[in-house]
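Taking it in order: structure first as structure tokens, then the write-up.
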Ligand SMILES: Cc1cc2nc3c(=O)[nH]c(=O)nc-3n(C[C@H](O)[C@H](O)[C@H](O)COP(=O)(O)OP(=O)(O)OC[C@H]3O[C@@H](n4cnc5c(N)ncnc54)[C@H](O)[C@@H]3O)c2cc1C
């Protein structure tokens with residue numbers, strides 16, 4: 001596990017979201033729980049983000065996590081990464 | 001479910017309603033077949049067949065019995081479309097598209113207002129149309145330009161203006177389901193589905209429908225302008241409505257309809273073969289082998305289409321399964337495969353019959369079937385759908 005705290009993990013997730021999420025708003029303006037889909041995260045961008053997360057953490061998202069809900073917030077993404085690392 | 005919504009007179013007639021399969025066959029033979037050529041030639045609405053379906057209370061078929069409908073399954077109404085398509089593809093498409101809208105409200109409209117909409121639709125056999133396509137996004141229906149725009153100082157009211165470049169039978173429908181961004185500040189993919197009754201909507205004609213096939217769907221282009229109350233907005237996000245209902249339902253009812261076209265073409269090829277055989281007793285007509293291959297291909301298509309409908313029915317009430325990428329890919333595969341197969345089968349049937357199929361004035365004519373069959377690929381371009389699947393395959397892991 002590369003990240004000692006959930007804050008570190010959130011920061012990495014936010015960084016990848018900035019690079020691959022193509023959001024309409026500044027990622028800093030969103031809380032952990034704000035809805036990323038309403039912030040403009042498209043299914044296309046979801047795929048890129050997932051690939052980036054897989055690469056960054058050396059994980060593979062299992063089928064059961066490949067759904068909108070997983071990508072709905074920074075918190076959900078961090079939880080998913082935590083579960084897989 | 002609120003009991004006040006039950007219309008006792010409607011309940012009393014349920015027993016008297018003819019089974020949907022019978023309705024489809026009679027309306028197909030007595031109305032759709034009789035007027036199909038004229039509907040096609042003049043690109044006019046198939047009013048005789050749609051009125052007949054209405055009299056038989058087939059439009060509200062999917063609506064639960066407690067709300068005055070038949071409580072039919074999606075597979076049952078899809079078979080109605082399949083049957084009607086053998087006589088008139090436009091009638092079948094109007095019926096199919098209407099059922100897609102009804103299914104969205106049945107499955108995602110559990111609010112008092114939308115339950116009233118369904119009860120009213122069942123009691124009066126209302127016809128619903130769809131406005132997903134929009135100038136600027138085309139068939140990329142998971143994005144909208146227009147938005148649900150709040151009216152200043154009236155928090156419960158909204159306004160929509162949509163450049164709806166294709167609305168099938170929009171002028172004949174009682175209401176339209178339109179996609180729009182949830183709010184003016186929402187992202188393109190953050191959409192709502194909104195119920196807009198025609199009497200509170202203006203449709204300004206922008207283009208007419210003069211096409212190769214499906215000419216009777218009267219799919220004109222309009223600027224749609226509507227005002228309404230927020231309770232007309234379906235409570236679920238369109239992202240979920242689309243994944244769980246609109247997309248799989250569309251692909252199921254459309255593929256059944258295309259199967260109907262393919263079945264009719266093969267049936268004409270078989271009739272032609274039998275007639276030839278009677279004339280050439282002792283020698284097998286040359287087209288016999290081609291027809292045998294066609295029959296095999298049709299059986300494959302039927303298995304694909306009916307199987308996909310069964311699979312959807314099995315998980316229809318399990319959002320967890322419906323939200324999986326694998327399900328989205330399979331639902332897309334159905335559209336791609338069935339739309340390719342219908343063109344292939346109808347084309348082969350034309351070639352097996354030959355001159356008599358090429359003629360417009362012969363009982364074995366295939367022209368109209370072939371023109372309608374080509375609509376299958378154009379209706380949301382297959383490249384676009386393959387593109388969506390290609391994107392999912394970058395991350396999907398399950399067996400497909
Ligand atoms: C009979 C019929 C009835 C219809 N009725 C209705 C209706 O009632 N309501 C409604 O809203 N709509 C209706 N439509 C319109 C339909 O929903 C689509 O909007 C329309 O078929 C155009 O889809 P398209 O943009 O995918 O295809 P096209 O306009 O054919 O596609 C344009 C081009 O986009 C390309 N393309 C492929 N993939 C992509 C991609 N990923 N991104 C960008 N471009 C891509 C294609 O290769 C193609 O060259 C109807 C269509 C038909 C044929």
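A few comments on the model shown:
Conditions tested, residue by residue: (1) modelled with pLDDT under 95; (2) touching a helix residue (DSSP H, G or I) at 6+ places or on another chain (Cβ under 6 Å); (3) not in a loop (DSSP other than H, G, I, E, B).
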site	(1), (2), (3)
B:246	no, yes, yes
B:252	no, yes, yes
B:265	no, yes, yes
B:276	no, no, yes
B:281	yes, no, no
B:299	no, no, yes
B:338	no, yes, yes
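- When B:178, B:147 are checked against the criterion of being farther than 26 Å from residue B:210 by Cβ and either within 16 Å of the ligand (Cβ to nearest atom) or surrounded by fewer than 24 Cβ atoms within 10 Å (Cβ to Cβ) (or both), B:147 stands alone in meeting it.
Let's see how each residue does on (1) in contact (Cβ under 8 Å) with a residue 60 or more places away in the chain; (2) within 14 Å of chain A (Cβ to nearest Cβ):
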{"position": "B:295", "(1), (2)": "no, no"}
{"position": "B:302", "(1), (2)": "no, no"}
{"position": "B:310", "(1), (2)": "yes, no"}
{"position": "B:316", "(1), (2)": "yes, no"}
{"position": "B:320", "(1), (2)": "no, yes"}
{"position": "B:347", "(1), (2)": "no, no"}
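- Looking across B:192, B:168, one residue alone is modelled with pLDDT of 95 or more, over 21 Å from residue B:65 (Cα atoms), within 14 Å of another protein chain (Cβ to nearest Cβ) and within 16 Å of the ligand (Cβ to nearest atom). It is B:192.
- Residue in segment B:223-246 that is over 30 Å from residue B:324 (Cα atoms) and within 12 Å of the ligand (Cβ to nearest atom) present: yes
- Number of residues in segment B:150-165 that are within 14 Å of the ligand (Cβ to nearest atom) and farther than 17 Å from residue B:222 by Cβ: the value is 0.
- Screening residue B:60 with (1) within 17 Å of residue B:176 (Cα to Cα); (2) crowded, with 23+ Cβ neighbours inside 10 Å; (3) within 14 Å of the ligand (Cβ to nearest atom) gives one miss only, at (3).
- Taking helices (runs of 4 or more DSSP H) as the structural unit, those lying wholly within segment A:4-85 and holding at least 1 residues that are within 14 Å of chain B (Cβ to nearest Cβ) and within 18 Å of residue B:189 (Cα to Cα) correspond to A:6-20, A:43-57.
- Residue that is buried (at least 24 other Cβ atoms within 10 Å of the Cβ), within 13 Å of the ligand (Cβ to nearest atom) and in a helix (DSSP H, G or I), where the choices are B:122, B:129, B:92: B:92
- If the condition is being in contact (Cβ under 8 Å) with a residue 24 or more places away in the chain and more than 18 Å from the chain's Cα centre (by Cα), then segment B:199-211 contributes B:200, B:201, B:202, B:203, B:206, B:207, B:210.
- For beta carbons closer than 6 Å, sequence separation of 6+ or different chains, a first residue in segment A:7-26 that is surrounded by fewer than 17 Cβ atoms within 10 Å (Cβ to Cβ) and a second that is part of a helix (DSSP H, G or I), the qualifying pairs are A:18/A:27; A:22/A:45.
- Within segment B:222-243, the only residue that satisfies the criterion of being more than 14 Å from every other protein chain (Cβ to nearest Cβ), over 15 Å from residue B:158 (Cβ atoms) and either in contact with a helix residue (DSSP H, G or I) (Cβ under 9 Å, 6 or more places away or on another chain) or in a loop (DSSP other than H, G, I, E, B) (or both) is B:222.
- Of all residues in segment B:374-400, those that are within 14 Å of another protein chain (Cβ to nearest Cβ) have Cβ atoms under 8 Å from Cβ atoms of residues that are near the ligand (Cβ under 8 Å from one of its atoms), 6 or more apart or on another chain, in B:384/B:139; B:384/B:140.
- Flag if residue B:79 is under 17 Å from the mean Cα position of the chain (by Cα), surrounded by fewer than 23 Cβ atoms within 10 Å (Cβ to Cβ) and in contact (Cβ under 8 Å) with a residue 12 or more places away in the chain: yes
- Taken together, the residues in segment B:208-221 that are under 18 Å from residue B:128 (Cα atoms) and either away from the ligand (no atom under 12 Å from the Cβ) or not in a strand (DSSP E or B) (or both) amount to 6.
- Test result for residue B:140, surrounded by fewer than 24 Cβ atoms within 10 Å (Cβ to Cβ), within 12 Å of the ligand (Cβ to nearest atom) and within 13 Å of chain A (Cβ to nearest Cβ): yes
- Residue check: residue B:162 meets all listed conditions (1) outside any strand (DSSP E or B); (2) more than 18 Å from residue B:235 (Cα to Cα) but one, namely (1).
Here's the yes/no breakdown for (1) over 23 Å from residue B:48 (Cα atoms); (2) not assigned by TED's automatic domain parsing to the domain that holds residue B:54:
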residue: B:83; (1), (2): no, no
residue: B:118; (1), (2): yes, no
residue: B:140; (1), (2): yes, yes
residue: B:144; (1), (2): yes, yes
residue: B:150; (1), (2): yes, yes
residue: B:153; (1), (2): yes, yes
residue: B:156; (1), (2): yes, yes
residue: B:170; (1), (2): no, yes
residue: B:184; (1), (2): yes, yes
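The values are calculated or read from the model by the stated rules, or taken from the named source; none is laboratory data. Just so it is clear, the structure is predicted and the values come from calculations on it, not from any experiment. Reconstructed Cβ throughout: ideal geometry from the backbone, glycine too, with neighbour counts over all protein chains shown.
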